[in-house]
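So the structure is just underneath, and the comments pick up after that.
The values are calculated or read from the model by the stated rules, or taken from the named source; none is laboratory data. Because the structure is predicted, anything quoted here is derived from the model rather than measured. Methodologically, a virtual Cβ is constructed for each residue, glycine included, from the backbone with ideal geometry; neighbour enumeration extends over all protein chains shown. Remember, those area values only see protein heavy atoms, side chains included, never the ligands or the DNA or RNA. Shrake-Rupley method; radii C 1.70, N 1.55, O 1.52, S 1.80 Å.
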Amino acid sequence: MDAGDAISIQVLGDLSNIDRAEWDALAGPAGAPFDPFLSWDFLQALEESGCAIAEKGWQPAHLIARERGGAAIGAMPLYAKDHSYGEYVFDHGWADALMRAGGRYYPKLQCAVPFTPVPGRRILASDPAVESALAQGAIGLAQRAGASSVHMTFATAEQCARVQPLGFMRRVGIQYHWFNRGYATFADFLGALSSQKRKTIRRERQRAVEGLRVRRLRGADITTRDWDFFFRCYMDTGGRKWGSPYLNRAFFTLLSERMADRCVLFVADADGAPVASALNLVGGDALYGRYWGRVADVPFLHFELCYYQAIELAIELGLARVEAGAQGEHKLARGYEPTQTYSAHWIAHPGLRSAIGNYLKSETPAVIDEAEMLAEHTPFKKDE
């Protein structure tokens with residue numbers, strides 16, 4: 001479709017249809033912190049491994065914006081979906097409401113990183129006019145394909161605000177992020193906490209590693225055996241949390257081949273055998289905790305591998321924050337602070353659009369109030 005005289009918006013489909021360097025130039029513009037989840041390597045691995053494909057309900061329908069001469073100036077990671085799994089912004093109630101009213105919620109279009117609740121840019125364009133053209137292109141595609149809606153999940157607050165004039169409604173959520181306030185060591189971080197919380201964390205860390213050895217592995221140090229054990233842990237945790245884990249072993253093989261330097265595994269060993277493992281990805285300004293699992297129950301080991309080890313590494317690398325995934329109020333006591341996340345939703349059906357708009361008018365202030373209330377219970381020292 002044409003979007004103005006100088007911009008064309010095309011449906012790219014699979015990510016294999018665009019050159020890696022061309023996509024990455026849009027996903028990681030000069031001067032911006034590297035976001036591993038928007039990279040061609042990560043997104044294409046999801047497709048090539050069979051995790052984000054039509055047969056799994058994730059049909060790639062990525063959009064590309066080009067100048068008249070053919071140069072790529074913007075992109076939008078986009079999927080046609082026939083379910084709402086693997087998104088972490090829950091809209092099952094919206095789907096049920098439309099179906100009860102005799103409508104059809106699926107297919108829908110999802111602008112997102114599949115299975116990855118990490119906030120970041122969702123429309124990859126530096127020019128607001130191109131960004132708007134891509135958002136309009138997604139709406140046009142939804143209308144032509146008979147899709148009920150377009151959803152931008154875990155987008156930036158700024159992008160959500162810019163697409164609101166096009167009919168997108170903003171939704172607010174909460175995650176827990178750890179922020180590096182210039183700490184030189186983990187002890188410096190503990191020094192910023194109240195005495196009671198400081199003692200609690202020290203006690204948890206001591207108990208977690210009693211009789212264990214924790215290894216930190218990165219890049220080529222992560223062997224196939226380490227990945228095999230991690231995947232065993234991932235399948236156990238995913239089976240208990242989701243019933244059917246979203247990712248397969250082939251995806252992690254591709255990840256290790258293409259992005260090993262961005263991968264960090266924390267592995268806990270007992271008597272020389274691994275008992276738990278946690279995977280993190282290193283970004284330009286953040287450490288991202290992704291998956292964890294264990295084959296033996298050890299008190300507080302989850303907190304050690306997923307939260308405290310991540311904080312230590314982020315301090316060593318000089319990263320601004322740790323993002324430890326979705327949900328989890330238990331993170332609050334470990335120094336992770338409530339942080340608002342954002343999504344934007346365009347709904348075709350007038351009745352459903354009105355109902356969701358009214359719902360968000362009550363949900364949004366409640367979520368903001370909850371975030372503010374939770375912030376009062378962080379473990380940091382309070383001002384006198």
>> Can you confirm whether Ala157 is over 27 Å from the mean Cα position of the chain (by Cα) and hydrophobic (A, V, I, L, M, F, W, C)?
In response: no
> So which residues in the range 82-141 are among the polar types (S, T, N, Q) and closer than 21 Å to Gly50 by Cβ, if there are any at all?
Replying inline: Ser84, Gln110, Thr116
>> Here are the criteria: (1) part of a loop (DSSP other than H, G, I, E, B); (2) touching a strand residue (DSSP E or B) at 6+ places or on another chain (Cβ under 9 Å); (3) open to solvent by 10 Å² or more (accessible area, probe 1.4 Å). Tell me which single one Ile73 does not satisfy.
In response: (1)
> Mind checking which pairs have a first residue in the range 182-208 that is closer than 19 Å to Leu301 by Cβ and a second that is open to solvent by less than 60 Å² (accessible area, probe 1.4 Å) and aromatic (Phe, Trp, Tyr), Cβ under 6 Å, 6 or more apart or different chains?
Replying inline: Glu204/Phe303; Arg205/Tyr308
>> If Ala220 satisfies all but one of (1) exposed (fewer than 15 other Cβ atoms within 10 Å of the Cβ); (2) assigned to a strand (DSSP E or B); (3) of a type in the set (A, V, I, L, M), what's the number of the condition it fails?
In response: (2)
>> Checking Ile347 against (1) more than 26 Å from Ala147 (Cα to Cα); (2) crowded, with 18+ Cβ neighbours inside 10 Å; (3) among the hydrophobic types (A, V, I, L, M, F, W, C): exactly one of these is not met. Which one?
In response: (1)
> Can you name the residue in the range 98-153 that is among the hydrophobic types (A, V, I, L, M, F, W, C) and assigned to a loop (DSSP other than H, G, I, E, B) and, of all such residues, is nearest to Tyr79 (Cα to Cα)?
Replying inline: Ala112
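Which one is least open to solvent (accessible area, probe 1.4 Å), of the residues in the range 316-339 that are within 18 Å of Glu204 (Cβ to Cβ) and hydrophobic (A, V, I, L, M, F, W, C)?
Residues of the range 316-339 that are within 18 Å of Glu204 (Cβ to Cβ), as a first pass: 322, 324, 328-336.
From what is left, the residues that are hydrophobic (A, V, I, L, M, F, W, C) are 322, 324, 332-333.
Values: Val322: 1, Ala324: 20, Leu332: 17, Ala333: 37 Å².
Looking at residues that are within 18 Å of Glu204 (Cβ to Cβ) and hydrophobic (A, V, I, L, M, F, W, C), I get Val322.
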>> With modelled with pLDDT under 95 and either among the polar types (S, T, N, Q) or over 17 Å from Pro165 (Cα atoms) (or both) as the only criterion, which of Ala142, Ala95, Ala101, Ala112 stands out?
In response: Ala101
>> Suppose the filter is free of Cβ contacts under 8 Å to residues at least 12 places away in the same chain and open to solvent by 20 Å² or more (accessible area, probe 1.4 Å); does Asp285 pass it?
In response: no
> Which residues, counting only those in the range 365-377, are at pLDDT 95 or above and farther than 16 Å from Gln175 by Cβ?
Replying inline: Pro365, Ala366, Asp369
> Got a number for residues in the range 271-322 being aliphatic (A, V, I, L, M), over 23 Å from Asp261 (Cβ atoms) and part of a loop (DSSP other than H, G, I, E, B)?
Replying inline: 3
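This table checks each residue for (1) of a type in the set (Ser, Thr, Tyr); (2) touching a residue at least 40 places away in the same chain (Cβ under 8 Å); (3) under 15 Å from Tyr183 (Cβ atoms).
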residue: Ala273; (1), (2), (3): no, no, no
residue: Gly289; (1), (2), (3): no, no, no
residue: Trp292; (1), (2), (3): no, yes, no
residue: Ala296; (1), (2), (3): no, no, no
residue: Pro299; (1), (2), (3): no, yes, no
residue: Tyr308; (1), (2), (3): yes, yes, yes
residue: Ala314; (1), (2), (3): no, yes, yes
residue: Glu323; (1), (2), (3): no, yes, no
residue: His330; (1), (2), (3): no, no, no
>> Regarding the range 350-368, can at least one residue be identified that is within 30 Å of Gln196 (Cα to Cα) and touching a residue at least 60 places away in the same chain (Cβ under 8 Å)?
In response: yes
